[in-house]
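First the structure, in the form of structure tokens, and then the observations on it.
The values are calculated or read from the model by the stated rules, or taken from the named source; none is laboratory data. Since the model is a prediction, treat every value here as computed from it, not as a measurement. When we count neighbours, we look across all protein chains shown, and the Cβ atoms used for this are built from the backbone with ideal geometry, even at glycine.
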Amino acid sequence: MATHRRASARLVASFLAAGLASTALAACSASDANGGTQEAEVTAEGVDDGTELTLWTRAPLEQQANLLVEAYNASHENQVELTVVPNDDYVAKVGAAAGSDSLPDLFAADIVYVPNWVQQGLFADVTDAVGELDHADQINKGHLEGGTLDGRQHVLPFVLDVSVMFYNKDLYEQAGLDPEQGPTTLAEFSDHAKAVDGLGGDVSGTYFGGNCGGCLVFTWFPQVWAGGEDVMNAEGTESLLAGDAAQEVYGVWQDLVQSGAVGEGSKEETGATWTGPFLEGEVGVMPFPATMLATADEALGEVGVAPIPGPDGGASTFVGGDGIGISKDSEQADQAWNFMSWLMSEEAQVEVLAKNGDVVSRGDLAENEYSAKDPRVLAVNEIASEGRTPLAINFQQAFNAPGSPWVTMVRNEVFGEGGAVETDNEEITAVLAQ
Amino acid sequence: MPANLSVRPSVRPVRTTRPALAAVARRRALHGWAYAAPTAVLVIGLFVIPVLLVGQMSLSDWPLLSGNQGVNAPQNYLDAVGHRYFWDSVVFTVKYTVIATVLLIGLGLGFALLVQESSRWTAVLRTSILVPSALGLASASLLFYALYSPQVGPLSPVLQTLGLADGPVTFLGTPDSALWSTVFLVVWRFAGFYMLLLMVGLQGIPHEVLEAARMDGANRWQTFVSVTLPLLRPSLALCTVLCVTGSLLAFDQFYILTKGGPDNSTLTVVQLIYNVAFQGQNDLGVAAALSIVVLVVLVVVNVAQLRAMRTGRED
């Protein structure tokens, strides 16, 4: 008998923390029921008085977060202590902390989760403070919209991550392709991938996270948008992924899989290593996160960058990355706002992010001294201001979760028999509409 | 339990007055409670309270991010059983449990018999079978994730070089291969542990009995079936209970190796609980309902197993 007790104790123990935590939260959410989240009383600049602030972010943005925090700490009295959490554990960690009222002062969230988290009341209202900012109208719209609920704003962009086509110039040259010209349509993309795949050896034409909903959203939605169609209705309650453009996209990828131009392991790729093969120089061309530009250059020399095209041309991108907000639990909202306000400054955007080759969050800073040096960075910045951020309350469950209906749909269309687009699409809508 | 022990002192002083007697009894009762208290605190704090809490969660509308929203029984249980992957995960978990238990107990017993007799290679053999048990399951899973990886894993090229496979092998790519690849990992990781348990059981069998069987003219097989196995029953019972319980609660290895994929074909019940709680649905209420269902099933399975083993012994 001792065995089952131990075993079941282990099972329930994992819920203990969250459970105890949530009991405490019950009281607080009851009091918030009428007025929404509390209005943080903040000014344009916030307060810089030597306070210790805590900041959480997830691992994919570790590099940028470190640079930003270092620069802020060096120039301010306030000191930010950064905690980086593995990507897969982030939601669980934030959930447990939200329940026990122990969220850090500031935390970043994958922008596609932000609408849901704002609705759950995890972020403090910063509408008035944002309005005081000099360049409020230049801040990336997609991120601001993600954090807006009933006209009140809750988040600013922390680090933008946009998807672009990366191609390996060496492999392009070996395959007899023009290393200065990336694909401009999906058909060209497919031809390029097949040409590079023809080199043989360890090299494959392209690669994608075939079992990773998040990767697929990030890299394939732009192909649909570039084809002139939407992926969801405006409210984010209905999936439109059975449209003509979407079906053409699935067709291109299915053809690539069947012709063997896709790297080994794509089908099982859960997202942990989806950027690995390209960085090892074994992949010709694939949609990639633009935040990896510096890393990829380091690994491969100069990589080629092109916008993600649609079936017949066009270009679009997914403006992802993380939004940042002041948590509902912060008692140092004024000081925390000082960090957020500094994030939007030219100093942070240009001297930290742009210098590192990252996308800036302010449209008026897209052309800066660093992007002027590298036309690829400038191109990425321009793509970003044209890009889109799909917003839905149940985004995680419908798209990012392991085994989500979106993953099922892509796998059926690309690896399987296909032909189930309509029914699979209804499954996605069913989850979105909940 | 401790109270019962102390109210009837086994040795009674002959000439004691009633109040004195009562005082002794009370003191003993206090001692009893004092001895039992640490365990009781642990059990209450780490088992009873969490279970009650999970029970409460399972009866309430309880989203991960916004906490308790009030009672909604029995909606969570209906949602849990009606979840689109509930029955798939139950079937898969049972299938995995059967495969893992048969293989582990069978191999464990085989290894135990192999290394029990002393020969010059025994020590090396014992160690090499037991070493994987020193590795945490999560670390072992990560190791195999790398070994199985189509990008960097060495296994697929080795198999191709040896001519055992035509093309690249995808260990985690199809439902069946993902299941067997995970089973292989689990057998590699746990066979030594069960070997150890069964070896202790084997060494507990008196030599006289085995000798007597041999003198009666029993051959090796007869001795094994009619003497060793029956006497090994307690150890086998322990191993089966551990193995079945562990397999029904399988999580780490699948979480790391397959994430329930491909296409949700390797989704175990505990993974489903985790997914419902933290990966999308973010609904602690439904996750708690699933946990309670698993808890009840485990209690029933364990009671049935122990009872079966006990009746067997009484025969």
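Conditions tested, residue by residue: (1) within 29 Å of the chain's Cα centre (by Cα); (2) under 25 Å from residue B:135 (Cβ atoms); (3) part of a helix (DSSP H, G or I); (4) in the same structural domain as residue B:132 (by TED's automatic domain parsing).
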{"residue": "B:159", "(1), (2), (3), (4)": "no, yes, yes, yes"}
{"residue": "B:164", "(1), (2), (3), (4)": "no, no, no, yes"}
{"residue": "B:169", "(1), (2), (3), (4)": "no, yes, no, yes"}
{"residue": "B:178", "(1), (2), (3), (4)": "yes, yes, yes, yes"}
{"residue": "B:200", "(1), (2), (3), (4)": "yes, yes, yes, yes"}
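Select from segment A:390-417 the residues that are within 14 Å of chain B (Cβ to nearest Cβ) and either assigned to a loop (DSSP other than H, G, I, E, B) or in contact with a Lys or Arg (Cβ under 7 Å, 6 or more places away or on another chain) (or both) and list them in ascending order. Passing the criteria: A:392, A:393, A:394, A:401, A:402, A:403, A:404, A:415, A:416, A:417.
When the criteria are applied in full, residue A:294 meets the requirement of being touching a Gly at 6+ places or on another chain (Cβ under 6 Å), more than 12 Å from chain B (Cβ to nearest Cβ) and at pLDDT below 90.
For every residue, the table says whether it meets (1) part of a helix (DSSP H, G or I); (2) within 12 Å of chain B (Cβ to nearest Cβ); (3) of a type in the set (Phe, Trp, Tyr).
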residue	(1), (2), (3)
A:56	no, no, yes
A:68	yes, no, no
A:83	no, no, no
A:89	yes, yes, no
A:93	yes, yes, no
A:101	no, yes, no
A:104	no, no, no
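Would you check if there is a residue in segment B:283-295 being of a type in the set (Val, Ile, Thr), more than 8 Å from chain A (Cβ to nearest Cβ), under 20 Å from residue B:71 (Cβ atoms) and surrounded by fewer than 19 Cβ atoms within 10 Å (Cβ to Cβ)? Checking segment B:283-295: at least one residue is of a type in the set (Val, Ile, Thr), more than 8 Å from chain A (Cβ to nearest Cβ), under 20 Å from residue B:71 (Cβ atoms) and surrounded by fewer than 19 Cβ atoms within 10 Å (Cβ to Cβ). Would you check if residue B:7 is modelled with pLDDT under 90 and surrounded by 12 or more Cβ atoms within 10 Å (Cβ to Cβ)? No: the conditions fail for residue B:7. Among residues of segment A:344-370 that are at positive phi, those with a Cβ under 8 angstrom from a residue that is among the hydroxyl-bearing types (Ser, Thr, Tyr), sequence gap 6+ or separate chain, pair up as A:357/A:370.
Pick from B:270, B:299: which is modelled with pLDDT of 90 or more, buried (at least 19 other Cβ atoms within 10 Å of the Cβ), facing chain A (nearest Cβ under 10 Å) and part of a helix (DSSP H, G or I)?
Among B:270, B:299, only B:270 is modelled with pLDDT of 90 or more, buried (at least 19 other Cβ atoms within 10 Å of the Cβ), facing chain A (nearest Cβ under 10 Å) and part of a helix (DSSP H, G or I).
Within segment B:69-85, residues that are within 12 Å of chain A (Cβ to nearest Cβ) and surrounded by 15 or more Cβ atoms within 10 Å (Cβ to Cβ) sit with their Cβ atoms under 6 Å from residues that are part of a loop (DSSP other than H, G, I, E, B) and modelled with pLDDT of 90 or more, at 6+ positions apart or across chains, in these pairs: B:69/B:61; B:85/B:267.
Cβ separations smaller than 8 Å between residues 6+ apart or across chains give the following pairs from segment B:153-179 residues that are over 21 Å from residue B:143 (Cα atoms) to residues that are in a helix (DSSP H, G or I): B:165/B:156; B:165/B:159; B:166/B:160; B:167/B:160.
With respect to residue B:246, determine if the residue is under 21 Å from residue B:145 (Cβ atoms), of a type outside the set (D, E, K, R), in a loop (DSSP other than H, G, I, E, B) and at the interface with another protein chain (Cβ under 8 Å from one of its Cβ atoms). Answer is no for this residue. If you go through segment B:127-152 and keep only what is free of Cβ contacts under 8 Å to residues at least 40 places away in the same chain and within 30 Å of residue B:302 (Cβ to Cβ), you end up with B:134, B:136, B:139. Scanning segment A:213-234 for residues that are free of Cβ contacts under 8 Å to residues at least 24 places away in the same chain and of a type outside the set (A, V, I, L, M) turns up A:229, A:230, A:233. Evaluate segment A:257-269: report whether one residue or more is of a type in the set (Lys, Arg), touching a residue at least 12 places away in the same chain (Cβ under 8 Å), within 14 Å of another protein chain (Cβ to nearest Cβ) and more than 20 Å from residue A:196 (Cβ to Cβ). Looking through segment A:257-269, none of the residues is of a type in the set (Lys, Arg), touching a residue at least 12 places away in the same chain (Cβ under 8 Å), within 14 Å of another protein chain (Cβ to nearest Cβ) and more than 20 Å from residue A:196 (Cβ to Cβ). For segment A:302-317, the criterion of being assigned to a strand (DSSP E or B), under 14 Å from residue A:212 (Cβ atoms) and either not assigned by TED's automatic domain parsing to the domain that holds residue A:377 or not aliphatic (A, V, I, L, M) (or both) is met by no residue. The helices (runs of 4 or more DSSP H) found wholly in segment A:318-389 and carrying at least 1 residues that are surrounded by 24 or more Cβ atoms within 10 Å (Cβ to Cβ) occupy A:333-343, A:375-386.
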